[in-house]
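Just below is one structure, and these are the notes that go with it.
The values are calculated or read from the model by the stated rules, or taken from the named source; none is laboratory data. All of these numbers come straight from a predicted model, not from anything done at the bench. Quick reminder, even Gly has a Cβ in these numbers, built from the backbone with ideal geometry, and neighbours come from all protein chains shown.
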Amino acid sequence: MAGNKSYTIVEYFGGDDGYRCGYCKNEKGNFSHGMWSHTMTVQDYQDLIDRGWRRSGKYVYKPIMNKTCCPQYTIRCHALKFQPSKSHKKILKKMSKFISKGELPPGEDDGEPMDSVCEEAGPREPSKVCPAEVKCPTITEMQKEAAECPTITEVQKEVADDAPTGSEMSSKEPVSVPDARMTAAAPKPGIGADPSRPPCRKAKDLRKERRLQKDQMRQNTDGVSSIVSPIPTTPNQTNQPKSLEDFINESLPENASHCLEFQRFLCDSPLEAEHSPDGPEVGYGSFHQQYWLDGRIVAVGVIDILPTCVSSVYLYYHPDFASLSLGSYSALREITFTRQLQKQSPKLSYYYLGFYIHSCPKMRYKGQYRPSDLLCPETYVWVPIERCIPQLENTRYARFNQDPDAGDARTLKDVGRALVLYRRAVMPYAVYARKRRGSSDETEVQQYGSLVGQDCAERILLYRT
């Protein structure tokens, strides 16, 4: 291949056979198309997830929505408009209380599901490049791995102050949106403030200021601090609800019982690490998000930073801390992180939570991160989740786009222009078919092209033997 241009290279596997569903446990009811990705650009993956694909390691799969037992709809949250619900606020306060006072909430587990990457991804068809199974590491293995991780880079230091992590989260409580019509009770009459005295300041604001000064002094002497410390925020105006940042950046006492730290490292992934002048400083690609509690690793997640979104991949956490709702907490931190990245790259404004599965009650929690959209499985347009749920109450599979004349804007129009990689040479499929004197795989390539769309088909290299 000429030049230094990055390409996505995939092998397509089809999706005729049913396999075990990790959600309803149906032995042969789950159907999906799959590809093994040798390498992938972030733009190609962005376009693929916007057509219903999702990666599990280097395996990229797309559920056959009108055939599979538990249809999986791509869901995204509008990170800039997100406001934490009552249940989200409880989780944030629970974590703050644990760090400051050392009180671990009672109960072994709050029922928070962990979307296992092993169950979710579907079959791995044997081939020379596709392993038979993806192995899920234990926390012990991750600690061993973390000991060998490189030192956090200068670029990573700058965003480490408020790093989010991991992903597969949960929250069973109903969403409670702050009502803008609520007003504060009328104040009782008094004699008013003494103009000769300086204005009063809240104790928590004073603690926040002292902590900031202390952290700045530490950074000046140590060079770097990966401890998550408060970020100065504008005091809330009267009657304004606290933002997500307000809850996360709430000051902790100087004698806090625990120290929670975050680190971010590039991790093994088919996505090529990229930097762009108008992109985030940390760059695009896949990152490990590590949670360290008092020097002990308690959770590790993976996120993909893409041109228009942060995409959550998965999270492993230590079962001893299940009652802290680490999945939900990490999701809230990732939304905060997305908002930070958007300040550096304006088009990066969405947080993708993977798949929303309405037919599986335990997996409906992702719909609580509002405002959010579901992807129409036929036209690939985004539809507000409020309009989708009534349809999903009546049927497992639904076309969300209400326009009967609407279709796939990027539908495959010419399979001959799809690019293939054959004998280390890049060529359009039409040229490849002539070289092979009428290739017998046109049906398979046609199916592949219809799933990835014309634009991706003309950029991605489909490996041919």
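What to note about this one:
Results for (1) at pLDDT 80 or above; (2) within 21 Å of residue 91 (Cα to Cα); (3) within 18 Å of the chain's Cα centre (by Cα); (4) not in a loop (DSSP other than H, G, I, E, B), shown as yes or no for each residue.
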residue: 230; (1), (2), (3), (4): no, yes, no, no
residue: 237; (1), (2), (3), (4): no, no, no, no
residue: 242; (1), (2), (3), (4): yes, yes, no, no
residue: 246; (1), (2), (3), (4): yes, yes, no, yes
residue: 252; (1), (2), (3), (4): no, yes, no, no
residue: 255; (1), (2), (3), (4): yes, no, no, no
residue: 261; (1), (2), (3), (4): yes, yes, no, yes
residue: 264; (1), (2), (3), (4): no, no, yes, yes
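- Subset of region 379-394 that is crowded, with 16+ Cβ neighbours inside 10 Å and not in a helix (DSSP H, G or I) - its residue that is nearest to the chain's Cα centre (by Cα): 382
- One residue from 434, 423, 410 being exposed (fewer than 15 other Cβ atoms within 10 Å of the Cβ) and under 22 Å from residue 6 (Cβ atoms): 423
- Total residues in region 399-456, condition assigned to a helix (DSSP H, G or I) and among the aliphatic types (A, V, I, L, M): 7
- For region 63-94, a residue qualifies if it is touching a helix residue (DSSP H, G or I) at 6+ places or on another chain (Cβ under 6 Å) and charged (D, E, K, R), but none of them does.
- Residue list for region 297-348, filter: under 18 Å from residue 368 (Cα atoms), among the small types (Gly, Ala, Ser) and either under 12 Å from the mean Cα position of the chain (by Cα) or assigned to a helix (DSSP H, G or I) (or both): 311, 312, 327, 328, 330, 331
- Evaluation of residue 374 against (1) buried (at least 23 other Cβ atoms within 10 Å of the Cβ); (2) assigned to a helix (DSSP H, G or I); (3) of a type outside the set (Phe, Trp, Tyr) (one fails), failing number: (2)
So that you can scan it fast, the table gives a plain yes or no per residue for (1) crowded, with 18+ Cβ neighbours inside 10 Å; (2) free of Cβ contacts under 8 Å to residues at least 40 places away in the same chain; (3) among the charged types (D, E, K, R):
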{"site": "14", "(1), (2), (3)": "no, no, no"}
{"site": "19", "(1), (2), (3)": "no, no, no"}
{"site": "37", "(1), (2), (3)": "yes, no, no"}
{"site": "47", "(1), (2), (3)": "yes, no, yes"}
{"site": "73", "(1), (2), (3)": "yes, no, no"}
{"site": "76", "(1), (2), (3)": "yes, no, yes"}
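- The selection criterion, being in contact (Cβ under 8 Å) with a residue 40 or more places away in the chain, under 26 Å from residue 56 (Cβ atoms) and β-branched (Val, Ile, Thr), does not hold for residue 379.
- Contacts under 6 angstrom Cβ, first residue in region 100-113 being closer than 9 Å to residue 322 by Cβ and assigned to a loop (DSSP other than H, G, I, E, B), partner modelled with pLDDT of 50 or more and not acidic (Asp, Glu), 6 or more apart: 107/323; 109/322; 110/323; 110/325; 112/325; 112/327
- When residue 394 is tested against (1) without any contact (Cβ under 8 Å) to a residue 60 or more places away in the chain; (2) within 23 Å of residue 34 (Cα to Cα); (3) out of contact with any helix residue (DSSP H, G or I) (no Cβ under 9 Å at 6 or more places or on another chain); (4) not β-branched (Val, Ile, Thr), exactly one condition is not met: (2).
- Among the conditions (1) in a strand (DSSP E or B); (2) among the hydroxyl-bearing types (Ser, Thr, Tyr); (3) within 17 Å of the chain's Cα centre (by Cα), residue 45 misses just one, which is (1).
- Residue match in region 57-71 (condition: in contact with a Leu (Cβ under 6 Å, 6 or more places away or on another chain), hydroxyl-bearing (Ser, Thr, Tyr) and not in a strand (DSSP E or B)): no
- Breaking point among (1) out of contact with any Cys (no Cβ under 9 Å at 6 or more places or on another chain); (2) of a type in the set (Gly, Ala, Ser); (3) without any contact (Cβ under 8 Å) to a residue 60 or more places away in the chain, for residue 295: (1)
- Test: residue in region 426-447 that is under 32 Å from the mean Cα position of the chain (by Cα) and under 30 Å from residue 350 (Cα atoms): yes
- Screening the candidates 311, 269 for the property of being surrounded by 18 or more Cβ atoms within 10 Å (Cβ to Cβ), within 30 Å of residue 105 (Cβ to Cβ), out of contact with any Cys (no Cβ under 9 Å at 6 or more places or on another chain) and not charged (D, E, K, R) yields one hit, 311.
- Qualifying positions in region 13-46 - within 17 Å of residue 463 (Cβ to Cβ) and of a type in the set (A, V, I, L, M): 35, 40
- The set of residues in region 15-42 being in a loop (DSSP other than H, G, I, E, B) and polar (S, T, N, Q) consists of 26, 41.
- Boolean, residue 352 is crowded, with 18+ Cβ neighbours inside 10 Å, touching a Phe, Trp or Tyr at 6+ places or on another chain (Cβ under 8 Å) and modelled with pLDDT of 95 or more: no
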